[in-house]
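Structure first, then comments.
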Amino acid sequence: MADTILSELFSLEGQVAIVTGGTGVLGGAMARGLARAGARVGILGRRKERAEAVVAEIEAAGGQALALGADVLDQAQLEAARDAVLERWGQINILVNGAGGNVPAATLSPDKTFFDLPIDAFEQVFELNLLGTVLPSQVFGAAMTRSQAAEPSEPPRGCIVNISSMGALRVITRVVGYSAAKAAIDNLTRWLAVELARKYGSGLRVNAIAPGFFIGDQNRDLLLNKDGSLTARGQTIIDHTPAGRFGEPDELISTLIWLCSPGARFVNGVVVPVDGGFAVFSGV
C-alpha cells in the first residue's frame with residue numbers, strides 16, 4: 001500500500017517534459033532524472049550534438065527523449081522545437097528552465113569596482129537568464145494551457161520549474177549581473193504562479209529551485225585549481241556551507257521530481273533552496 005501511494009504521488013509516467021539547458025551539467029542531470037521518473041524528455045540546447053548525447057544516455061537506460069536544437073532567446077527556434085515535441089508526443093506537461101549562466105565580463109574582478117561594470121555585459125547576462133526563461137515559458141507554457149485532461153471540463157495541468165540561484169537570495173561578491181538576473185527569476189516565478197493559477201486554474205503551477213554551489217563548466221576554474229584543490233574563493237564557499245562540500249548534480253533530482261509530480265499539486269510560487277545549508281548560515 002505504501003509503495004502504491006508513493007508511486008501515485010511521485011511518478012511522472014505519461015508526462016512530457018522540456019529541459020532547456022539540458023546539455024549542461026545540471027540540466028543534463030535533471031533531464032536524466034525526469035526520464036527515470038517516467039517522463040518523456042525533450043533536451044533543448046544550442047549544441048544539438050550535446051543534446052543528442054544526453055538523449056542517447058536516456059535511451060540506453062530505457063527512457064524516451066528527443067534532441068531539440070534551439071536557442072532560448074530565439075522565439076522561432078523555440079516554436080519549432082515545441083511543434084516537434086507536439087508532433088512526436090502530442091502534449092507538453094513540464095518545462096524546466098535550466099538555461100542560463102554567467103557572462104565573464106559581468107563578473108567584477110578583484111581590482112575592479114561597480115563603476116567599471118560594462119553595461120553591455122550586464123544586459124547580456126540579463127537576457128540569457130531572464131529573457132531566456134520568459135520566452136520558453138511563453139512558448140511551451142501556451143501549449144500547457146490547452147488541456148490534455150481526460151475530461152474536457154477539467155482545467156489544464158502543467159508545471160514550470162525555473163532555476164534560480166543562491167546569488168538571488170544572498171549577496172555574493174563580484175557576480176553582480178548574474179545575481180540581479182536570478183533575483184528577477186525569483187520574482188517572475190511568484191508572479192507567473194499567481195497569473196497562471198488565476199487565469200487557468202490550480203492545475204498550472206510555477207515554482208523554482210535555487211541551487212547552492214555545484215561544480216559546472218562555467219565555475220570550475222573559479223572554484224577549483226587544476227589539481228582539484230580548492231581556490232581561495234572555493235574555500236570561502238565551503239567554509240560558509242554547513243554541509244562542508246559542493247553539491248552533486250543528482251542531488252537536484254528529487255526536489256525537481258517532487259515539484260513536477262502530483263505530490264506537489266498544492267505547491268505553487270515557491271523557491272526551494274538545495275544548498276547544503278548555505279542560505280541559513282551566518283558564517284559565525
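So here's what we get for this one:
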{"item": "From the options Asn102, Asn93, Asn97, residue that is crowded, with 16+ Cβ neighbours inside 10 Å, at pLDDT below 95 and of a type in the set (S, T, N, Q)", "result": "Asn102"}
{"item": "Single unsatisfied condition, Leu66 versus (1) assigned to a helix (DSSP H, G or I); (2) modelled with pLDDT of 95 or more", "result": "(1)"}
{"item": "Residue tally, condition in contact with a strand residue (DSSP E or B) (Cβ under 9 Å, 6 or more places away or on another chain), among the hydrophobic types (A, V, I, L, M, F, W, C) and within 15 Å of Leu131 (Cβ to Cβ), over segment 62-90", "result": "3"}
{"item": "Conditions (1) of a type in the set (Asp, Glu); (2) modelled with pLDDT of 95 or more; (3) outside any helix (DSSP H, G or I): number failed by Asp217", "result": "(2)"}
{"item": "All positions within segment 228-284 that are assigned to a loop (DSSP other than H, G, I, E, B) and of a type in the set (Val, Ile, Thr)", "result": "Thr231, Thr241, Val267, Val270, Val284"}
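Every residue, every condition in (1) under 20 Å from Ser179 (Cα atoms); (2) buried (at least 16 other Cβ atoms within 10 Å of the Cβ), yes or no:
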site	(1), (2)
Asn219	yes, yes
Lys226	no, no
Cys260	no, yes
Val280	yes, no
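Here's the yes/no breakdown for (1) in contact with a helix residue (DSSP H, G or I) (Cβ under 8 Å, 6 or more places away or on another chain); (2) of a type outside the set (Val, Ile, Thr); (3) under 28 Å from Met144 (Cβ atoms):
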| position | (1), (2), (3) |
| --- | --- |
| Arg198 | no, yes, yes |
| Ala208 | yes, yes, yes |
| Glu251 | no, yes, yes |
| Val272 | yes, no, yes |
| Asp275 | yes, yes, no |
| Val280 | no, no, no |
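This table checks each residue for (1) buried (at least 16 other Cβ atoms within 10 Å of the Cβ); (2) touching a strand residue (DSSP E or B) at 6+ places or on another chain (Cβ under 7 Å); (3) touching a residue at least 40 places away in the same chain (Cβ under 8 Å).
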site: Ala181; (1), (2), (3): yes, no, yes
site: Arg190; (1), (2), (3): yes, no, yes
site: Leu196; (1), (2), (3): yes, yes, yes
site: Tyr200; (1), (2), (3): yes, no, yes
site: Ser229; (1), (2), (3): no, no, no
site: Gln235; (1), (2), (3): no, no, no
site: Ala243; (1), (2), (3): no, no, no
site: Thr255; (1), (2), (3): yes, yes, yes
site: Asn268; (1), (2), (3): yes, yes, yes
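The values are calculated or read from the model by the stated rules, or taken from the named source; none is laboratory data. What you see is a predicted model; the values in this text were computed from it and never measured. With ideal geometry, Cβ positions are generated from the backbone for all residues, glycine too; neighbour counts draw on all protein chains shown.
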